[in-house]
Number of protein chains: 2
Amino acid sequence: MSEPAFQDFYPENVAHCYGCGRLNASGHRIQTRWEGEESVTRFQPRPEHMAIPGFVYGGLIASLVDCHGTGTAAAAMYRQEGRAMDSLPAYRFVTASLHVDYLRPTPLGGELEIRGRVKEIKGRRVVVEATVSAAGLTTARGEVVAVQMPDHFSQGS
Amino acid sequence: MSEPAFQDFYPENVAHCYGCGRLNASGHRIQTRWEGEESVTRFQPRPEHMAIPGFVYGGLIASLVDCHGTGTAAAAMYRQEGRAMDSLPAYRFVTASLHVDYLRPTPLGGELEIRGRVKEIKGRRVVVEATVSAAGLTTARGEVVAVQMPDHFSQGS
């Protein structure tokens, strides 16, 4: 049994995201965990997630970087406060901006690895840098500016 | 009958992208056309494309901006050369970088409209700016730096 992922702690009413919600049966349901100072997501694209035959489409890479970033932002806030992720209040982040540089084509077939680092935490705002790699080669770099979700989003208003 | 979309002219061996390939039965198959100086894509998200209930997930928005941008880049190159999109050589672009600013939550339910403008054409590189709107309100802004696909990609090597 692996330890729970960041996304396992998302409150039920905000755990439906197509990219990272554990309750979205159609979605990617990514799982992100700390490995030392880095956050790591491993994801197996499906055959139809192609750009051109043999390569992963850029929108999937953007989506993985995005949700990896918001998950890492939440985990970083708990860690900064010395709180367990199952303690309250729950943190959930949304994306203010997303940037992805596609360095080379990402081969389709094997597992992708997204590794993130917290670049900055300032108030309700966390900046996460990430790399995407396939077969050990970095194919994309991204940056996510994540902000804490406004309270009215998560209170089922 | 509406006129053909930019994506209808993609050569068959590079028309499988999950975001914009007309031959990807599982994908979004976006269609983009000129409306004056702007390129326009209209897209109906599916119910599962949610971020939190009621709103579109950011990865879909990123994917739409991305593929809208590469499609617009190709169309802009033909237009600059005064060539029809069914003339040869065929243009197909890939993304060098993608940036999206999420201005406000994008409501899920109605059609999204992505409108693009060509910011710059320089050699094999085209920069496209885009907005995403729902129900007439702009919810995201994006920029795509697209570069002409290297020849060896599209020759089925």
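Data table
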quantity	calculated
Candidate set from region B:97-109 (those that are facing another protein chain (nearest Cβ under 10 Å) and open to solvent by less than 30 Å² (accessible area, probe 1.4 Å)); member that is nearest to B:D66 (Cα to Cα)	B:L98
From B:R42, B:R22, residue being assigned to a strand (DSSP E or B), in contact (Cβ under 8 Å) with a residue 12 or more places away in the chain and open to solvent by 10 Å² or more (accessible area, probe 1.4 Å)	B:R42
Any hit, region B:67-83, residues being modelled with pLDDT of 95 or more, open to solvent by 40 Å² or more (accessible area, probe 1.4 Å) and among the hydrophobic types (A, V, I, L, M, F, W, C)	no
Residue in region A:63-80 that is touching a helix residue (DSSP H, G or I) at 6+ places or on another chain (Cβ under 6 Å), at the interface with chain B (Cβ under 7 Å from one of its Cβ atoms), over 17 Å from A:Q31 (Cα atoms) and not aliphatic (A, V, I, L, M) present	no
Where A:G110 falls short, out of the listed (1) in a strand (DSSP E or B); (2) in contact (Cβ under 8 Å) with a residue 24 or more places away in the chain; (3) out of contact with any Ser or Thr (no Cβ under 8 Å at 6 or more places or on another chain)	(1)
A:I121, sole failed condition from (1) part of a strand (DSSP E or B); (2) open to solvent by less than 50 Å² (accessible area, probe 1.4 Å)	(2)
Condition check for B:G36: within 12 Å of chain A (Cβ to nearest Cβ) and either at pLDDT 95 or above or surrounded by fewer than 24 Cβ atoms within 10 Å (Cβ to Cβ) (or both)	no
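The values are calculated or read from the model by the stated rules, or taken from the named source; none is laboratory data. Predicted model, so just to flag it, every value in this text is computed and none were measured. Every residue, glycine among them, receives a Cβ derived from its backbone with ideal geometry; neighbour counts consider all protein chains shown. These area figures cover heavy atoms from the full protein model, side chains too; ligands, DNA and RNA do not enter into them. Shrake-Rupley method; radii C 1.70, N 1.55, O 1.52, S 1.80 Å.
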